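Enquirer: Starting off with a structure, shown below.
The values are calculated or read from the model by the stated rules, or taken from the named source; none is laboratory data. Just so you know, these numbers come straight off a predicted model, no measurement behind them. Here the Cβ positions follow ideal geometry from the backbone for every residue, glycine too, while neighbour counts run over all protein chains shown. SASA here: full protein model, heavy atoms, side chains in, ligands and nucleic acids out. Shrake-Rupley method; radii C 1.70, N 1.55, O 1.52, S 1.80 Å.
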Amino acid sequence: MHPLLRAVFSASFAASILRVTTPVLFASLGAVVADLSGVVNIALEGMMLISALMGVIASAFTGSAWVGFLAGVASGILMGLVLGYFHLKLKTNVILAGIALNLLAAEGTVFLLYAVAHDKGVSSSLPSKVMPEIQIPIIKDIPVIGAIIGKQNVLTYLALIAVVMIYLFLYKTSFGLRLRAVGENPDAADSVGISVHKVQFIALALSGALAGMGGVHLSMGYVSWFSRNMTSGRGFIALAAKALGRNHPIGAFLASLLFGFTDALSNYMQSLRVPGEFIQMIPYVVTLVVLAVYSGRQLKSGRSSNE
Amino acid sequence: MRRNAWFELLRTGVAIAAALIIGFIVTSLVSESPAEAFGYFLKGPFTSIRRFGSFLEAAVPLTFTGLAVSLVFSAGQFNMGAEGQFFIGAVAATAAGIFLDLPPVIHTVACLAAGMVAGAIGGFIPGILKARWNASELVASLMLNYVFLKLGMYLITYHLRDPSAGALVSLPLKESSWLPQFTRTTKLHAGVFVMFLVVFACYYFLYRTSKGYEARMTGQNISFARYSGIPVLKVMLLIQVLGGAVAGLGGAVEMLGIYRRFQWQASPGYGFDGVIIAILARNNPLLVPLAAVFLAYLRVGADVMAMYADVSAEMVSIIQAVIILLVTAEAFLAGYRHRLTLKEVKQRASAS
Amino acid sequence: MRAQAQPQATDPILLMKGITKVYPNGLVANSNVTFEVRKGEIHALVGENGAGKTTLMKVLFGLEKPDEGSIFIKGEEVRISSPNDAIRYGVGMVHQHFMLAPSLTVAENIVLGAEPRKGIWFDRKRAEQVCKELSEKYGLHAEPAAKIKDVPVGIRQRVEILKALMRGSDILVLDEPTAVLTPQETDELFEALKSLKAMGHTIIFISHKLREVKELSDRVTVLRSGKVIGTRDTDQVTVEEISRMMVGRDVVLKPMRPKATGTRGEVRLLAKNLNLVQDGTQVLKDVTLQVRAGEILGIAGVEGNGQVELAEVITGLSPCDSGEIWVCGQDATGKSPGEIRDMGLSHIPQDRMIFGVASNASISENLISTRYDKRPVSNGFSLDIKAVAKLGQDLISRFGIKASSAQQAVGTLSGGNIQKVVIAREFSTEPKVIIANQPTRGIDIGATESVHKYLVDATESGTAVLLVSADLTEVMSLSNRLIVMYEGQVVAYFDEVQGLEEEEIGLYMLGLKRQEPDEVTASMMGRPVE
């Protein structure tokens, strides 16, 4: 068997899929929540990036990974509220507002990194912490499965729990009912006294919190430092995962796993004698292809004419 | 009509002023001497001929990406691909400049054409995905930016690299392909003429041709366009290809006029600046050079500030983000406009 | 200081005083309107489209903020800045466009905003229970677990009424509730409203159908151009008097249908066995029809029975699963809207703001949208700006569009003038076939009259017209021949429209009566279809 194939069928490869899926999964859940409330959140990329940096800075200054986590989540929430303020109160086009926030995050993080660490590339001079890995007692001893999900970063477990939580939140709570009603027919929600803006603000804050967790995982779990533009499009891949997962948390989970798989594969292929640039292209090309195939299928079944 | 134009101008002015104030506040948070730093930022581009030149030079690529984004925005498309198209256009022009063997002017034209074709392909891909399969051009073009960046770096590293140079740069372009520079003090070059040509071509296309009319109506109301018999999918594809060609041409002009050997390691960010320019110019090609000059001014000012003061140039992104947010905010100052309307209605009522 | 409302013998439950509302585009929707409703009455609010009825009610419900004026409920001055406030003061509203989330169930929609819960969880069983109890109490039946998108319009309206009642509304506002109903559904609605009145509810009924106003209401207030013209006891005024108050002159209620030519014209539009399935429901079922030169074929039917889809399929806006379409002898099946227009077809769309115009573009830009690549406007590549301007000027004066110049943005015109822009564009290309879908919806009587005139004139000069209208009076008085659609099928065909009763058509519209499909086709085509 080719070493690459052998690697792909190994439990450690499966474990690495979960690891690289984590940030995209968080962000795609954030995309689902925002989208069901009727707001397209393309600022996920920027939210992740800012949270990744804020987590590193806060954990470096307090010496606590969990304070870093909270700081990252809080910055995601703040970004969500800013997006909400401009889109909902000042009626900025939501796509353009998202672009603005992404731009702000891309260069703003470099600005902040330079102000704090006097470096424009990476945060390695900051003594930042990482989120702990956890071993789950009994499960870690089960063969294969134990190797896959027995020992992972705490944020990976949190992401898996979040899938279930977000599902219950959206489909079984009364607030979830309101959120979906707001997304489907805001006038209807408004006419029964539901504050559409309040619901959308909360949805955006939650969306930002989820993206923030994804960002924290990148800089405090996946690796242990912040580097400029380290999200490299994961926020946008999450949007594709949301679409592919039919705006449903479970669907978004499965779609994220697919992207996690290609990402993990490209990591494993680094050892091959293929130019690195090609390998790095894989996740983006796969996203493009999947997006095209899936949209095409939906077009046929839904007969949706152009918007 | 006139009231509207005046109001838009006012709103843009207030947004820029607010953005500068916020920029100053941020500067004073990180700087020992914020007033001095901000002074460099505002006055920097005018402090020497070389800087003034570099500020005008910087407006050239920005005009190209601004036009590219204006074209696709006019047709109601959210194509963020100008970044990657500009980059791959520059790579294509580099390849043509190195490998082709042609007499001077013809070589230049061939390189420009190579950049246009590469950029056009970059527009065609999200365009066809959207037109044929209804895939979001937003996500597709963002993904494509990464693909083009990697593809471009692969070509430079493995096929165009100058092995004798210490850094990762391409071989120099043949002199026959260059766009001549006007003086020794600045790098201002003949690409400016190409730029103005493209500005007028874009304006003519959008406002004076049937295809441009199709594009604008598709952007105004796609259901109306379809109903009227405008082939909206073809229009979307065409406008993405044209936008890509303009962005790619911009990359080529930059290579032939300024760098003359490829030396970027990362995407230079002109594509996203193009979005801000298109917004400031309200998608009107004739206003794009003005907006580009303004943005170039911000960029060069920030560089001067970073050089002489303790604030890094990325501060300018905060100003840019605030400008986008406020200029596109429909409700920003809308209360003022409503009071204005109310007053006018009352005046009319009391007059009659 | 504001003056307090004077308590009266007949107890006003609601008083809106001096309401003025100016929209951002400068349109004055309400100008110093004072409106008073007594407890326990059915009060009709009438006026032409655009007279300001809906705006006034939106102000009452907190959906629009008035620029001036005050509102008193049960003698107390109240500030209503959101629907929440309105609901708290006992005001419930049934909107013209239903305020329902289609993918949620009847019960979910009814309890939305006041959901029963267990902790943070939504209590679905309790919600369905509440829904059932309400239905029984008010005699308005609706299946709690059905999704809104699966139930008919009449039921959706009941859900809207139940929604308001669940929130304890004692003032119920209905905004043109009968516009989308069949005559039979209308009767059922009126019974329900009368019994609600008997239970002590106050009802405000917005309409421009005077026969219904006369039948149902106790008092009537007339609005015209944003101002109150007067309030009368309904039994003291005649329909003619109300109509004079509405328009300021006597109205010719019934337009004249085009004179039938002695011989039958050639077939200009032919649709054969059209079928279309959307989202799992068959929205067009074996639809066959033909329209000849010089006649209007009318399509009657409750909205949502396939008329929109039929118009979209014929004009190429959406594909059909099977069937054929022929326009002027050319095969138009599966062709694009542009190709079909080139065969000589014009289309007045149902929703002019979505399909009919680009509202930010100028009048002349809107007028050339179907001929921007043809002479004299264009040489195939570039536009002739002078020719565009000239065309704009010509059509503005020929069709009496009220505008300051051809450069004015269409969105700043009134509804009637916007429709005139659409009509001007669609009628000035010498069409051979016109599909007119709800051509007079939402425009004032003056504009309606001229639209009717253009349709009749075009028909008499040889154009074939397919007219879709939910306004039964309109479609019955304009058409030479008539078909009725129900659930995507042509269920009746009438070769002669004169002498038909609206009630009779209503039975077909509701699906209570139908002709044999083969007979329908055979008598419409004049011979068996090959």
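Enquirer: Considering only residues that are part of a loop (DSSP other than H, G, I, E, B) and either among the acidic types (D, E) or at pLDDT 90 or above (or both), which ones fall in the range A:91-129?
Expert: The one that is part of a loop (DSSP other than H, G, I, E, B) and either among the acidic types (D, E) or at pLDDT 90 or above (or both): A:D119.
Enquirer: Identify, from the list A:K129, A:K120, the residue that is touching a helix residue (DSSP H, G or I) at 6+ places or on another chain (Cβ under 7 Å), among the basic types (K, R) and under 19 Å from B:I319 (Cβ atoms).
Expert: Testing whether each residue is touching a helix residue (DSSP H, G or I) at 6+ places or on another chain (Cβ under 7 Å), among the basic types (K, R) and under 19 Å from B:I319 (Cβ atoms) leaves just A:K120.
Enquirer: What is the one condition in (1) within 14 Å of chain C (Cβ to nearest Cβ); (2) closer than 25 Å to B:L138 by Cβ; (3) part of a helix (DSSP H, G or I) that B:L242 does not satisfy?
Expert: Failed condition: (1).
Enquirer: Enumerate the pairs (first residue in the range C:368-380 and at the interface with another protein chain (Cβ under 8 Å from one of its Cβ atoms); second residue anywhere and aliphatic (A, V, I, L, M) and open to solvent by 10 Å² or more (accessible area, probe 1.4 Å)) with beta-carbon separation below 6 Å, excluding pairs fewer than 6 apart on the same chain, so at least 6 apart or on different chains.
Expert: C:I368/C:V388
Enquirer: Oh, and also: What pairs come up if the first residue lies in the range B:206-235 and is closer than 15 Å to C:V388 by Cβ and facing another protein chain (nearest Cβ under 7 Å), the second is open to solvent by less than 10 Å² (accessible area, probe 1.4 Å) and of a type in the set (K, R), and their beta carbons are under 8 Å apart, counting only those six or more places apart or on different chains?
Expert: none
Enquirer: Here is a check on your reading of the model: is C:V283 within 13 Å of chain B (Cβ to nearest Cβ), open to solvent by 10 Å² or more (accessible area, probe 1.4 Å) and within 24 Å of C:V475 (Cβ to Cβ)?
Expert: no
Enquirer: Six or more apart or on different chains, Cβ under 8 Å: which pairs go from a residue in the range C:193-204 that's within 16 Å of C:K74 (Cβ to Cβ) to one that's loosely packed, with under 12 Cβ neighbours inside 10 Å and small (G, A, S)? Could you list them?
Expert: none
Enquirer: Next question. Filter the range A:219-248 for residues that are part of a helix (DSSP H, G or I) and either within 14 Å of chain B (Cβ to nearest Cβ) or under 25 Å from B:G81 (Cβ atoms) (or both) and give the result.
Expert: A:R234, A:G235, A:F236, A:I237, A:A238, A:L239, A:A240, A:A241, A:K242, A:A243, A:L244
Enquirer: Identify the residue in the range C:22-35 that is open to solvent by 40 Å² or more (accessible area, probe 1.4 Å) and modelled with pLDDT of 85 or more and, among all such residues, is farthest from the other protein chains (Cβ to nearest Cβ).
Expert: C:T34
Enquirer: Taking the condition of a type in the set (A, V, I, L, M, F, W, C), closer than 30 Å to C:V410 by Cα and surrounded by fewer than 21 Cβ atoms within 10 Å (Cβ to Cβ), does B:L280 pass?
Expert: Answer is no for this residue.
Enquirer: Just the residues that are assigned to a helix (DSSP H, G or I), over 10 Å from C:I363 (Cα atoms) and open to solvent by less than 20 Å² (accessible area, probe 1.4 Å), please, taken from the range C:396-416.
Expert: C:G416
Enquirer: Scan the range C:109-156 for residues that are away from chain A (no Cβ under 14 Å), small (G, A, S) and touching a Ser or Thr at 6+ places or on another chain (Cβ under 9 Å) and jot them down.
Expert: The answer is C:G139, C:A142, C:A145, C:A146, C:G154.
Enquirer: Confirm whether C:I443 is closer than 27 Å to C:P258 by Cβ, in contact with a Leu (Cβ under 8 Å, 6 or more places away or on another chain) and in contact (Cβ under 8 Å) with a residue 40 or more places away in the chain.
Expert: no
Enquirer: Kindly provide the set of residues from the range C:344-398 that are over 27 Å from the mean Cα position of the chain (by Cα) and of a type in the set (F, W, Y), ordered by number.
Expert: C:Y372, C:F381
Enquirer: Kindly provide the set of residues from the range B:142-164 that are more than 10 Å from every other protein chain (Cβ to nearest Cβ), of a type outside the set (D, E) and either in a strand (DSSP E or B) or touching a residue at least 24 places away in the same chain (Cβ under 8 Å) (or both), ordered by number.
Expert: B:H159, B:L160, B:R161
Enquirer: Still on this structure, please answer the following. State which residue is nearest to B:L256 (Cα to Cα) when the search covers only the range B:153-171 and only residues that are open to solvent by 30 Å² or more (accessible area, probe 1.4 Å) and of a type in the set (A, V, I, L, M, F, W, C).
Expert: B:L171
Enquirer: Only one of (1) under 29 Å from the mean Cα position of the chain (by Cα); (2) within 14 Å of chain B (Cβ to nearest Cβ); (3) modelled with pLDDT of 90 or more fails for C:Q290. Which number is that?
Expert: Every condition holds for C:Q290 apart from (2).
Enquirer: Go through the range C:232-259 and report how many residues are open to solvent by 80 Å² or more (accessible area, probe 1.4 Å) and either within 14 Å of C:K209 (Cα to Cα) or modelled with pLDDT under 70 (or both).
Expert: The number of residues fulfilling the criteria is 7.
Enquirer: In the range C:481-512, how many residues are touching an Asp or Glu at 6+ places or on another chain (Cβ under 8 Å), in a loop (DSSP other than H, G, I, E, B) and either open to solvent by 10 Å² or more (accessible area, probe 1.4 Å) or without any contact (Cβ under 8 Å) to a residue 12 or more places away in the chain (or both)?
Expert: Here the count works out to 2.
Enquirer: When only residues in the range B:207-237 that are over 24 Å from C:I354 (Cβ atoms) and either of a type outside the set (K, R) or under 18 Å from the mean Cα position of the chain (by Cα) (or both) count, which is surrounded by the fewest Cβ atoms within 10 Å (Cβ to Cβ)?
Expert: B:Y207
Enquirer: Report yes if C:S70 is within 14 Å of chain A (Cβ to nearest Cβ) and either farther than 27 Å from C:L181 by Cα or not basic (K, R) (or both), otherwise no.
Expert: no
Enquirer: Can you tell me which residues in the range C:263-280 are surrounded by fewer than 16 Cβ atoms within 10 Å (Cβ to Cβ), farther than 22 Å from C:P431 by Cα and not β-branched (V, I, T)?
Expert: The answer is C:N273, C:Q278, C:D279, C:G280.
Enquirer: Could you tell me whether A:Y167 is modelled with pLDDT under 95 and of a type in the set (F, W, Y)?
Expert: Taking the combined requirement at face value, the residue does not satisfy it.
Enquirer: For the range A:73-94, give me each residue that is of a type in the set (S, T, Y) and either crowded, with 22+ Cβ neighbours inside 10 Å or touching a Pro at 6+ places or on another chain (Cβ under 8 Å) (or both).
Expert: Matches in the range A:73-94: A:S75, A:T92.
Enquirer: From the list A:L158, A:L168, A:L177, which one is at negative phi, without any contact (Cβ under 8 Å) to a residue 40 or more places away in the chain, open to solvent by 50 Å² or more (accessible area, probe 1.4 Å) and assigned to a helix (DSSP H, G or I)?
Expert: Unique residue meeting the criteria: A:L168.
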